[in-house]
Amino acid sequence: MEIIFTNLGRFFDPLLFSLVLGSVLILAWVQNGRASFFLAFAALMNCGRDPFAESGENATFMCRRIDFVLREQGFVGLERIRSEDSFVTQVIARLLNSKEAKDFEEWARLEEHAVHKKQTITATYWNSASEIAPAIGLIGTIIGLIQLFAIGIDPLKMGPAMSITLLTSLYGLFVSHIIAFPIYVRLQARADILDAYRGAVVQHAIAIAKRELLVLGPVHFSPAKPLRATG
C-alpha cells in the first residue's frame, strides 16, 4: 500500500483516463439514443437515496388512503391527496376528472409505460457503459502492444508503451466496476421499487374507475305519438 500511495501519480494519467471515460460515455449514448445521456446524468441526483425512504409511502398505504377518502368524502376529496411520486398524484387527478372508465384505463396504461421507459433508460445507459468500458480498455491495451512491438526492444521507449498498455485496461475496469456498474445497480433497484409502486396504484385506480365511473351509452328517443282528437 505504501508503494501505491508513494507512486500514485504514476497510476493516473488525466488525458488517458479522460479518453477512456469519454469513449465509454459516447458509445453508451450512441447505443441507447439521444435522450439517454441527459437522463442518465439527471438521474444521479436521486441515485443516492431510496424512493420514499423518508416518507415511508408505499402502495398499500396509498391505496388505503384513496379508499378512505372516497368513503368519507367522495370523489371531491381526491383533489387533496398528494403523493411523493408526481406520477401517482397525476393519476389521482386524472381519475378525479375522468368521465369514463375505458378512457381513464387507456390513459393510465400509456402513461405508466412512458414513465417506465423513461425510468429504465437511465439504468440501461449505465449498464451499457459498464459493458463497454472493459472493451475500450482492451482496445487501448492492443494499441499499446502494437506500439511496443513497433519500437522493438528499446528499454528507454518500452516504458511509455507498456504504461499505455496497462493503464488503459486499468481505467476500463475502473470505469466499469467502480463507476458505471454500481450506478446501474442503484438506479435499477430504484426503478424496480417505483415500477411496483406505480403499477399497484394504477391497477387500484382502474378498479375504482370501473366501479365508480358511469358508462354512458347512446340514448335512443322514440317519436311521441300524436294525441287523438276527442270529439
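Only the coordinates and a few stated rules stand behind these numbers; no lab work does. The structure displayed is predicted, hence computed values, not measured ones. All Cβ positions, even for glycine, are placed from backbone atoms using ideal geometry, and neighbour counts span all protein chains on display.
Overview of values
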quantity	calculated
Inter-probe distance in nm under a simple model that places probes 7 Å from Cα toward Cβ, at residue 106 and residue 68	3.5 nm
Net dipole in debye of region 29-108 [+1 Lys, Arg Cβ; -1 Asp, Glu Cβ; about Cα centre; nearest 20]	100 debye
Under the Karplus curve 6.51 cos²θ - 1.76 cosθ + 1.60, θ = phi - 60°, whole-Hz ³J(HN,Hα) for region 191-205, x wherever Gly or Pro sits	5, 5, 5, 5, 5, 5, 5, 5, x, 5, 5, 4, 4, 5, 5
Label-point gap, in nm, between residue 93 and residue 145 - each point 7 angstrom along Cα→Cβ	5.9 nm
Pair residue 61, residue 203: separation of 7 Å Cα→Cβ label points (nm)	2.0 nm
